[in-house]
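Peer 1: Mind having a look at this structure? Questions to follow.
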Amino acid sequence: MDFSTIFQNNERWIAEKLAAQPDYFEKLSKGQAPEFLYIGCSDSRVTAEDLMGLQPGEVFIHRNIANQVIPTDNNINAVIQYAVEHLKVKHIIVCGHYECGGVKAALNPSDMGQLNSWLQTLRDVRRLHRAELEAIADDHRQFDRLVELNVLEQCMNIIKIDHVQRSWYRGGFPKIHGWVFDVRTGKLIDLGLNMEKEFSSIRSIYDLKPLDKQ
Ligand code: CO
């Protein structure tokens, strides 16, 4: 693809938006109030707004390799804090996807240089759920399951965050959802995780409320 195609596409997109609504960009420039924070994979096939049918201004987005929520990652910490405390998003979504290269790499240990440390938390997910994963005879089904378990564990990582817990205690939001995008069919699947129940199961370890009172 030629670089110029992208700018031609952009001109066409502007024309389409303005044809439908002449003050579209004027309104867009006034600010954002998205209700959703979407955390997904950087994979070029998983186009967040497009697959959800959402428009500019409707979803705050963070993408990284294999949709990781790592507590020492300044980038995602800033994104989540801004989304929760300033945008006051109602929902945080972690969206994994089948055929994820990052998850596949975690299933096949090898020296990947800079990626080794990034993939370490994914390997930890594999270790945490080792018994369940190794009981699955079919390799591809095991790969799919690790994609799902990775989503669950990253949702767990969100509820471990202090300001997310504070917001929960204040008003019950944000709700946390685990999804998987099936790149083989285009379908978006809600894993139906009950994160309040999940939180109660790890509360004695991760509940930071007592720290607030210190
Ligand atoms: Co991926």
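Peer 1: I'm told residue 84 meets every condition in (1) part of a helix (DSSP H, G or I); (2) under 23 Å from residue 192 (Cβ atoms); (3) within 16 Å of the ligand (Cβ to nearest atom) except one. Can you identify the failing condition by its number?
Peer 2: Among (1) part of a helix (DSSP H, G or I); (2) under 23 Å from residue 192 (Cβ atoms); (3) within 16 Å of the ligand (Cβ to nearest atom), the lone unmet condition for residue 84 is (3).
Peer 1: Now a separate question. In a loop (DSSP other than H, G, I, E, B) and within 15 Å of the ligand (Cβ to nearest atom): is that true of residue 63 in this structure?
Peer 2: No.
Peer 1: So which residues in the stretch 169-204 are in a helix (DSSP H, G or I) and under 19 Å from the mean Cα position of the chain (by Cα)?
Peer 2: Passing the criteria: 195, 196, 198, 199.
Peer 1: Out of the stretch 19-60, which residues are more than 27 Å from residue 189 (Cβ to Cβ) and in a helix (DSSP H, G or I)?
Peer 2: Those that are more than 27 Å from residue 189 (Cβ to Cβ) and in a helix (DSSP H, G or I): 19, 20, 24, 25, 26, 27, 28.
Peer 1: Which of (1) away from the ligand (no atom under 14 Å from the Cβ); (2) under 18 Å from the mean Cα position of the chain (by Cα); (3) modelled with pLDDT of 95 or more is the odd one out, the single condition residue 100 does not satisfy?
Peer 2: Exception for residue 100: condition (1).
Peer 1: Among the residues of the stretch 51-83, write down those that are open to solvent by 60 Å² or more (accessible area, probe 1.4 Å), in contact (Cβ under 8 Å) with a residue 24 or more places away in the chain and within 15 Å of the chain's Cα centre (by Cα).
Peer 2: Matches in the stretch 51-83: 63, 65, 71, 81.
Peer 1: If I filter the stretch 106-113 for residues that are within 16 Å of the ligand (Cβ to nearest atom), outside any loop (DSSP other than H, G, I, E, B) and of a type outside the set (D, E, K, R), do I get at least one hit?
Peer 2: There is at least one residue in the stretch 106-113 that is within 16 Å of the ligand (Cβ to nearest atom), outside any loop (DSSP other than H, G, I, E, B) and of a type outside the set (D, E, K, R).
Peer 1: Do you know which of the residues in the stretch 8-50 that are more than 16 Å from the ligand (Cβ to nearest atom) and in contact (Cβ under 8 Å) with a residue 12 or more places away in the chain is nearest to residue 183 (Cα to Cα)?
Peer 2: 49
Peer 1: What tally of residues in the stretch 99-112 results from selecting those that are of a type in the set (Gly, Ala, Ser) and open to solvent by 20 Å² or more (accessible area, probe 1.4 Å)?
Peer 2: Within the stretch 99-112, residues that are of a type in the set (Gly, Ala, Ser) and open to solvent by 20 Å² or more (accessible area, probe 1.4 Å) number 2.
Peer 1: Return the total of residues in the stretch 84-98 being open to solvent by 30 Å² or more (accessible area, probe 1.4 Å) and touching a strand residue (DSSP E or B) at 6+ places or on another chain (Cβ under 9 Å).
Peer 2: Qualifying residue count, the stretch 84-98: 2.
Peer 1: For the stretch 2-23, does any single residue satisfy the condition of being on the phi > 0 side of the Ramachandran plot and of a type outside the set (Asp, Glu)?
Peer 2: no
Peer 1: Continuing with this model, one more query. Looking at 195, 156, can you tell me which residue is over 17 Å from residue 38 (Cβ atoms) and touching a residue at least 40 places away in the same chain (Cβ under 8 Å)?
Peer 2: 156
The values are calculated or read from the model by the stated rules, or taken from the named source; none is laboratory data. Since this is a predicted model, take the numbers as computed values, not measurements. Every residue, glycine as well, gets a Cβ built from its backbone with ideal geometry; the counts of neighbours run over all protein chains shown. Side chains included, ligands, DNA and RNA excluded: accessible areas come from the protein's heavy atoms. Shrake-Rupley method; radii C 1.70, N 1.55, O 1.52, S 1.80 Å.
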